[in-house]
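As structure tokens, the structure follows; a few thoughts come after it.
The values are calculated or read from the model by the stated rules, or taken from the named source; none is laboratory data. Keep in mind the model is a prediction, meaning the values are calculated, not measured. Counting neighbours? That spans all protein chains shown, and the Cβs are built from the backbone with ideal geometry, glycine included.
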Amino acid sequence: MKRYALILAGLVLALAAQAQVSVKEPWVRATVPQQKATGAFMQILAAQDARLVEARSPVAGIVEIHEMAMVNDVMKMRAIPELALPAGKAVELKPGGYHVMLMELKGQVKDGDTVPLTLVVEGKDGKRQTLELKVPARPLAGGAPAGGMQGHGHGMKH
Ligand SMILES: [Cu+2]
């Protein structure tokens, strides 16, 4: 039985060592029917220097890490291979900035849905941590292009 106790202790240590990256307030922008892409947003805080190197989700055929950049005076988004997560400094993924891009959506992401999202974070030592998130979908607050939506669903989710 001693051997099992040792294995258990090892597991607990492994879990503790992985608690280095935390994600706060994740959300996915809800889509309209036929929309093929959307973004996931959140704050990521790493206790030690790390990098977000991969994201996956069963709801999308392709998931990429994107940044916004000025190209010829036009704001465009583009894929980046990784996102630096400096120690102790929360990195914000938000509309108009960094985001996790979900493309080739397999269906509509409705307001109130829960979207599974997996993030893979690599530490400086090359060790990878996988974060399994359950991300709520909600409309982009105040960003609706059509009139009459102002203030709808804003800040009432918590
Ligand atoms: Cu994008």
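Annotations for the structure displayed:
- Within segment 1-31, the residues that satisfy the criterion of being outside any strand (DSSP E or B) and at pLDDT 95 or above are Ala30, Thr31.
- Any hit, segment 68-79, residues being acidic (Asp, Glu) and either in contact with a Lys or Arg (Cβ under 6 Å, 6 or more places away or on another chain) or at pLDDT 95 or above (or both): no
- Residue in segment 58-74 that is away from the ligand (no atom under 16 Å from the Cβ) and within 15 Å of Val121 (Cα to Cα) present: no
- Within segment 79-88, restricting attention to residues that are surrounded by 12 or more Cβ atoms within 10 Å (Cβ to Cβ) and not small (Gly, Ala, Ser), the residue that is nearest to the ligand (Cβ to nearest atom) is Ile80.
- Looking across Leu119, Leu140, one residue alone is modelled with pLDDT of 95 or more and aliphatic (A, V, I, L, M). It is Leu119.
- Condition met for Glu54 (surrounded by 14 or more Cβ atoms within 10 Å (Cβ to Cβ), charged (D, E, K, R) and within 11 Å of the ligand (Cβ to nearest atom)): no
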